[in-house]
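The values are calculated or read from the model by the stated rules, or taken from the named source; none is laboratory data. Predicted model, so just to flag it, every value in this text is computed and none were measured. In this analysis, Cβ positions are derived from the backbone assuming ideal geometry, glycine residues included, and neighbour counts consider all displayed protein chains.
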Amino acid sequence: MRLHAILFGPLVLLAASAPDHFTSGLWQGKASFDDEGQFSDCSMTMRSDTKVQLGFVITSDSDFGLLVADETLRLKPGTRKAVLLLMDGQEPIPVMARVVDVHGLLVPLQSSKSVVETIRKAKNLRVSISEKEFSFGVRGINSAIEALIECVKAHKGTSRVEL
């Protein structure tokens with residue numbers, strides 16, 4: 001998965017130029033652009049009651065990922081981590097995540113319709129790693145992912161030029 005300028009601390013997504021911001025319920029989103037001004041991704045984040053950050057990102061190449069950040073984590077950036085995703089009684093989904101920051105990881109998800117639909121319909125999402133299990137009540141996730149998909153459609157192939 002190709003992502004540009006994703007930094008945690010807690011979960012801050014930066015862009016080279018002024019990005020377009022949008023919201024969907026409790027979710028905050030934005031379109032990001034690379035150093036050359038080309039559209040790179042759209043992301044949405046939400047902070048849980050436990051101050052853990054949950055996010056979703058869709059790149060310009062239509063790669064879909066889940067971001068989890070927690071200031072209490074002490075991970076080794078650049079390594080990979082086994083993750084288990086659990087949603088509303090569905091079969092667990094084992095995935096290898098990339099540690100992108102000492103506090104957070106990026107879980108690549110298949111861009112298949114079945115995975116996206118399962119996430120969109122979920123009422124609860126658990127993300128389990130060896131150090132900790134995170135549990136999210138994902139209110140409004142369907143609308144948030146729809147807004148994220150619309151962001152990608154609106155920005156795909158665009159660029160921003162700094163003056």
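Here's a check for you: in the range 131-157, which residue that is of a type in the set (A, V, I, L, M) and not in a loop (DSSP other than H, G, I, E, B) is modelled with the lowest pLDDT? Walk me through how you get there before you give the answer.
First, pick out the residues of the range 131-157 that are of a type in the set (A, V, I, L, M): 138, 141, 144-145, 147-149, 152, 154.
Of the ones still in play, those that are also not in a loop (DSSP other than H, G, I, E, B) are 141, 144-145, 147-149, 152, 154.
Details: 141: 83, 144: 88, 145: 88, 147: 91, 148: 91, 149: 90, 152: 92, 154: 90.
Residue satisfying both the conditions and the ranking: 141.
Please indicate, with yes or no, whether at least one residue in the range 71-88 is touching a residue at least 60 places away in the same chain (Cβ under 8 Å), closer than 18 Å to residue 29 by Cα and surrounded by 13 or more Cβ atoms within 10 Å (Cβ to Cβ).
First pass over the range 71-88, keeping only residues touching a residue at least 60 places away in the same chain (Cβ under 8 Å): 71-72.
Going one step further and asking which of them are closer than 18 Å to residue 29 by Cα, we end up with none.
No, the range 71-88 contains no residue that is touching a residue at least 60 places away in the same chain (Cβ under 8 Å), closer than 18 Å to residue 29 by Cα and surrounded by 13 or more Cβ atoms within 10 Å (Cβ to Cβ).
Out of the residues in the range 125-136 that are exposed (fewer than 13 other Cβ atoms within 10 Å of the Cβ) and touching a residue at least 24 places away in the same chain (Cβ under 8 Å), which is farthest from residue 53 (Cα to Cα)?
Pass one, the range 125-136, residues exposed (fewer than 13 other Cβ atoms within 10 Å of the Cβ): 130-133.
Among the residues that remain, those that are also touching a residue at least 24 places away in the same chain (Cβ under 8 Å) are: 130-132.
On the way: 130: 18, 131: 16, 132: 14 Å.
That would be 130.
What are the residue pairs meeting all of these: first residue in the range 22-38, first residue on the phi > 0 side of the Ramachandran plot, second residue in a strand (DSSP E or B), Cβ atoms under 8 Å, and 6 or more apart or on different chains?
Going by the 8 Å Cβ cut-off, the qualifying pairs are 37/159.
Taking only the range 96-114 into account, find how many residues are crowded, with 16+ Cβ neighbours inside 10 Å and either assigned to a strand (DSSP E or B) or among the β-branched types (Val, Ile, Thr) (or both). Reasoning before the result, please.
Step one: filter the range 96-114 for residues crowded, with 16+ Cβ neighbours inside 10 Å, giving 97-101, 103-109.
From what's left, either assigned to a strand (DSSP E or B) or among the β-branched types (Val, Ile, Thr) (or both): 97-101, 104-109.
The number of residues fulfilling the criteria is 11.
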